[in-house]
Amino acid sequence: MDQQLFADIYDAHARAVYAHAVRMTSDRAGAEDIVSLTFLEAWRLGETLDGVTHHRAWLLGVATNVLRNTRRAARRHSEAMARLPRSDVIPDPADAVVSRITDTARAAAALAALGRLRRADREVIVLSVWSGLSHAEVAEACGVTEATVRSRLSRARSRLRKLTTADLAAEPAAGHASASRTAREGHL
(Lines give C-alpha, C1' and ligand atoms only; values in the text may rest on other atoms or scores of the structure.)
Protein backbone atom coordinates (compact mmCIF):
# COMPACT_ATOMS: atom_id res chain seq x y z
CA MET A 1 0.00 0.00 0.00
CA ASP A 2 1.15 3.47 -0.81
CA GLN A 3 2.05 5.35 2.38
CA GLN A 4 0.86 8.68 1.02
CA LEU A 5 -2.51 7.19 0.05
CA PHE A 6 -2.88 5.74 3.55
CA ALA A 7 -1.97 9.10 5.11
CA ASP A 8 -4.57 10.81 2.91
CA ILE A 9 -7.22 8.24 3.90
CA TYR A 10 -6.33 8.76 7.57
CA ASP A 11 -6.55 12.55 7.27
CA ALA A 12 -9.88 12.32 5.47
CA HIS A 13 -11.60 9.77 7.74
CA ALA A 14 -9.97 9.68 11.20
CA ARG A 15 -12.49 12.15 12.65
CA ALA A 16 -15.44 10.17 11.30
CA VAL A 17 -14.03 6.95 12.79
CA TYR A 18 -13.43 8.75 16.10
CA ALA A 19 -17.00 10.14 16.16
CA HIS A 20 -18.36 6.67 15.43
CA ALA A 21 -16.25 5.16 18.23
CA VAL A 22 -17.36 7.84 20.71
CA ARG A 23 -21.00 7.20 19.84
CA MET A 24 -20.52 3.45 20.29
CA THR A 25 -18.49 3.59 23.53
CA SER A 26 -19.44 6.88 25.20
CA ASP A 27 -15.78 7.05 26.17
CA ARG A 28 -13.43 9.52 24.50
CA ALA A 29 -10.23 7.82 25.64
CA GLY A 30 -11.56 4.43 24.61
CA ALA A 31 -12.59 5.89 21.26
CA GLU A 32 -9.00 7.03 20.66
CA ASP A 33 -7.86 3.45 21.21
CA ILE A 34 -10.49 2.22 18.77
CA VAL A 35 -9.29 4.69 16.12
CA SER A 36 -5.71 3.53 16.59
CA LEU A 37 -6.69 -0.13 16.34
CA THR A 38 -8.91 0.58 13.33
CA PHE A 39 -6.13 2.22 11.34
CA LEU A 40 -3.65 -0.42 12.46
CA GLU A 41 -6.01 -3.06 11.10
CA ALA A 42 -6.52 -1.00 7.91
CA TRP A 43 -2.76 -0.87 7.44
CA ARG A 44 -2.53 -4.62 8.01
CA LEU A 45 -5.25 -5.15 5.40
CA GLY A 46 -3.60 -2.72 2.98
CA GLU A 47 -4.11 -4.84 -0.13
CA THR A 48 -7.84 -5.05 0.63
CA LEU A 49 -7.97 -1.28 1.17
CA ASP A 50 -6.51 -0.70 -2.30
CA GLY A 51 -9.65 -2.23 -3.87
CA VAL A 52 -12.12 -0.28 -1.70
CA THR A 53 -14.01 2.57 -3.36
CA HIS A 54 -15.81 3.97 -0.28
CA HIS A 55 -13.06 4.25 2.30
CA ARG A 56 -15.21 5.86 4.99
CA ALA A 57 -17.80 3.07 4.97
CA TRP A 58 -15.11 0.40 4.91
CA LEU A 59 -13.24 2.04 7.83
CA LEU A 60 -16.44 2.35 9.87
CA GLY A 61 -17.03 -1.38 9.28
CA VAL A 62 -13.51 -2.12 10.46
CA ALA A 63 -14.06 0.13 13.50
CA THR A 64 -17.30 -1.74 14.31
CA ASN A 65 -15.44 -5.05 14.20
CA VAL A 66 -12.65 -3.63 16.36
CA LEU A 67 -15.28 -2.49 18.88
CA ARG A 68 -16.81 -5.98 18.95
CA ASN A 69 -13.43 -7.58 19.44
CA THR A 70 -12.50 -5.12 22.17
CA ARG A 71 -15.77 -5.70 24.03
CA ARG A 72 -15.41 -9.46 23.67
CA ALA A 73 -11.87 -9.31 25.07
CA ALA A 74 -13.03 -7.12 27.98
CA ARG A 75 -15.88 -9.51 28.72
CA ARG A 76 -13.56 -12.52 28.65
CA HIS A 77 -11.13 -10.73 30.93
CA SER A 78 -13.89 -9.90 33.41
CA GLU A 79 -15.13 -13.49 33.37
CA ALA A 80 -11.61 -14.81 33.92
CA MET A 81 -11.09 -12.42 36.82
CA ALA A 82 -14.41 -13.52 38.33
CA ARG A 83 -13.24 -17.14 38.27
CA LEU A 84 -10.18 -16.35 40.37
CA PRO A 85 -10.53 -17.10 44.08
CA ARG A 86 -11.38 -14.02 46.04
CA SER A 87 -9.25 -13.00 48.95
CA ASP A 88 -11.24 -12.22 52.07
CA VAL A 89 -8.84 -9.55 53.16
CA ILE A 90 -7.17 -7.19 50.77
CA PRO A 91 -3.85 -6.17 52.28
CA ASP A 92 -3.43 -2.47 52.74
CA PRO A 93 -0.08 -1.31 51.30
CA ALA A 94 0.03 1.37 53.98
CA ASP A 95 0.49 -1.37 56.60
CA ALA A 96 3.68 -2.50 54.87
CA VAL A 97 4.97 1.07 54.72
CA VAL A 98 4.24 1.65 58.41
CA SER A 99 5.88 -1.67 59.23
CA ARG A 100 9.01 -0.70 57.25
CA ILE A 101 9.14 2.68 58.96
CA THR A 102 8.78 1.02 62.34
CA ASP A 103 11.44 -1.55 61.46
CA THR A 104 13.74 1.22 60.26
CA ALA A 105 13.23 3.15 63.50
CA ARG A 106 13.91 0.01 65.54
CA ALA A 107 17.02 -0.79 63.50
CA ALA A 108 18.31 2.76 63.95
CA ALA A 109 17.65 2.56 67.69
CA ALA A 110 19.38 -0.84 67.85
CA LEU A 111 22.43 0.47 65.97
CA ALA A 112 22.61 3.52 68.21
CA ALA A 113 22.32 1.32 71.30
CA LEU A 114 24.86 -1.13 69.90
CA GLY A 115 27.34 1.73 69.61
CA ARG A 116 26.91 2.46 73.34
CA LEU A 117 27.78 -1.09 74.45
CA ARG A 118 31.22 -2.03 75.69
CA ARG A 119 33.47 -3.17 72.86
CA ALA A 120 33.64 -6.79 74.12
CA ASP A 121 29.85 -7.03 74.44
CA ARG A 122 29.34 -5.43 71.02
CA GLU A 123 31.72 -7.95 69.40
CA VAL A 124 29.85 -10.89 70.95
CA ILE A 125 26.46 -9.56 69.78
CA VAL A 126 27.66 -8.86 66.25
CA LEU A 127 29.39 -12.25 65.87
CA SER A 128 26.60 -14.25 67.47
CA VAL A 129 23.42 -12.52 66.30
CA TRP A 130 24.32 -10.84 63.02
CA SER A 131 27.04 -13.22 61.79
CA GLY A 132 25.25 -16.32 63.07
CA LEU A 133 28.24 -17.91 64.80
CA SER A 134 27.74 -20.47 67.55
CA HIS A 135 28.90 -19.77 71.09
CA ALA A 136 31.96 -21.97 70.50
CA GLU A 137 32.81 -20.10 67.27
CA VAL A 138 32.40 -16.71 68.97
CA ALA A 139 34.62 -17.89 71.85
CA GLU A 140 37.27 -18.96 69.38
CA ALA A 141 37.03 -15.68 67.43
CA CYS A 142 37.27 -13.54 70.59
CA GLY A 143 39.83 -15.72 72.40
CA VAL A 144 37.58 -16.32 75.44
CA THR A 145 35.67 -19.25 76.91
CA GLU A 146 32.12 -20.20 75.94
CA ALA A 147 30.97 -19.28 79.46
CA THR A 148 32.35 -15.77 78.92
CA VAL A 149 30.54 -15.54 75.59
CA ARG A 150 27.22 -16.57 77.20
CA SER A 151 27.75 -14.06 80.00
CA ARG A 152 28.61 -11.20 77.62
CA LEU A 153 25.74 -12.12 75.33
CA SER A 154 23.24 -12.10 78.18
CA ARG A 155 24.54 -8.77 79.48
CA ALA A 156 24.61 -7.23 75.98
CA ARG A 157 21.06 -8.34 75.15
CA SER A 158 19.71 -6.98 78.41
CA ARG A 159 21.52 -3.66 77.92
CA LEU A 160 20.40 -3.43 74.26
CA ARG A 161 16.78 -4.04 75.24
CA LYS A 162 16.91 -1.20 77.77
CA LEU A 163 18.74 1.23 75.46
CA THR A 164 16.53 0.49 72.45
CA THR A 165 13.31 0.82 74.45
CA ALA A 166 14.54 4.13 75.88
CA ASP A 167 15.55 5.42 72.42
CA LEU A 168 12.22 4.45 70.85
CA ALA A 169 10.24 6.00 73.71
CA ALA A 170 12.25 9.23 73.54
CA GLU A 171 12.06 9.54 69.74
CA PRO A 172 8.37 10.58 69.35
CA ALA A 173 8.67 13.09 72.17
CA ALA A 174 11.80 14.59 70.63
CA GLY A 175 10.16 14.81 67.19
CA HIS A 176 7.04 16.42 68.72
CA ALA A 177 9.08 18.93 70.69
CA SER A 178 11.13 19.98 67.68
CA ALA A 179 7.98 20.26 65.55
CA SER A 180 6.31 22.40 68.21
CA ARG A 181 9.38 24.62 68.52
CA THR A 182 9.52 25.00 64.75
CA ALA A 183 5.85 25.99 64.62
CA ARG A 184 6.30 28.49 67.50
CA GLU A 185 9.26 30.07 65.79
CA GLY A 186 7.34 30.33 62.53
CA HIS A 187 9.70 28.11 60.50
CA LEU A 188 7.56 25.65 58.58
- Message: Loop only by DSSP, 12 or fewer other Cβ within 10 Å of the Cβ. Give me the GluC sites (Glu not before Pro) in the stretch 16-56 that pass, ordered by residue number.
- Response: none
- Determine the share of the stretch 49-105's accessible area contributed by carbon and sulfur atoms, expressed in whole percent, with a 1.4 angstrom probe. 58 percent
- Work out how much length Arg56 to Arg68 would gain on full extension: take 0.36 nm times their residue separation and subtract the Cα-Cα distance, in nm to one decimal. 2.5 nm
- In deg cm²/dmol and to the nearest 500, what is the mean residue ellipticity at 222 nm of the chain if only DSSP H runs of at least 4 residues count, each as -39500 (n - 2.57), divided by the residue total? -27500 deg cm²/dmol
- Query: What whole-number value in Å² describes the accessible area per residue of the stretch 67-148 for a 1.4 Å probe?
  - Reply: 74 Å²
- Message: So if I place +1 on the C-beta of Lys and Arg and -1 on the C-beta of Asp and Glu, and nothing else carries charge, what would the dipole magnitude of the chain be about its Cα centre? I want it in debye, nearest 20.
- Response: 1180 debye
- Query: Packing-wise, with mean Cβ within 10 Å as the measure, how do 120-128, 106-114 rank, highest first?
  - Reply: 120-128, 106-114
- Between Glu140 and Trp43, what is the label-to-label distance in nm when each label sits 7 Å out along the Cα-to-Cβ direction? 6.8 nm
- Task: Please give the peptides 56-68, 3-15, 140-152 ranked by average Cβ packing (other Cβ atoms within 10 Å per residue), highest first, as a rough proxy for protection.
- Result: 56-68, 140-152, 3-15
- If you take the Cα Rg of the chain and divide it by 2.2 N^0.38 Å, with N the number of residues, what do you get? 2.16
- Query: Given R₀ = 22 Å, FRET efficiency for His77-Ala19 by Cβ-Cβ distance, to 0.05?
  - Reply: 0.25
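The values are calculated or read from the model by the stated rules, or taken from the named source; none is laboratory data. Bear in mind the structure is a predicted one, so any value in this text is a computation, not a measurement. So basically every Cβ, Gly included, is an ideal-geometry build from the backbone, and we count neighbours across all protein chains shown. The protein model used for the area step is the full one, side chains on, heavy atoms only, and it has no ligands, DNA or RNA in it. Shrake-Rupley method; radii C 1.70, N 1.55, O 1.52, S 1.80 Å.
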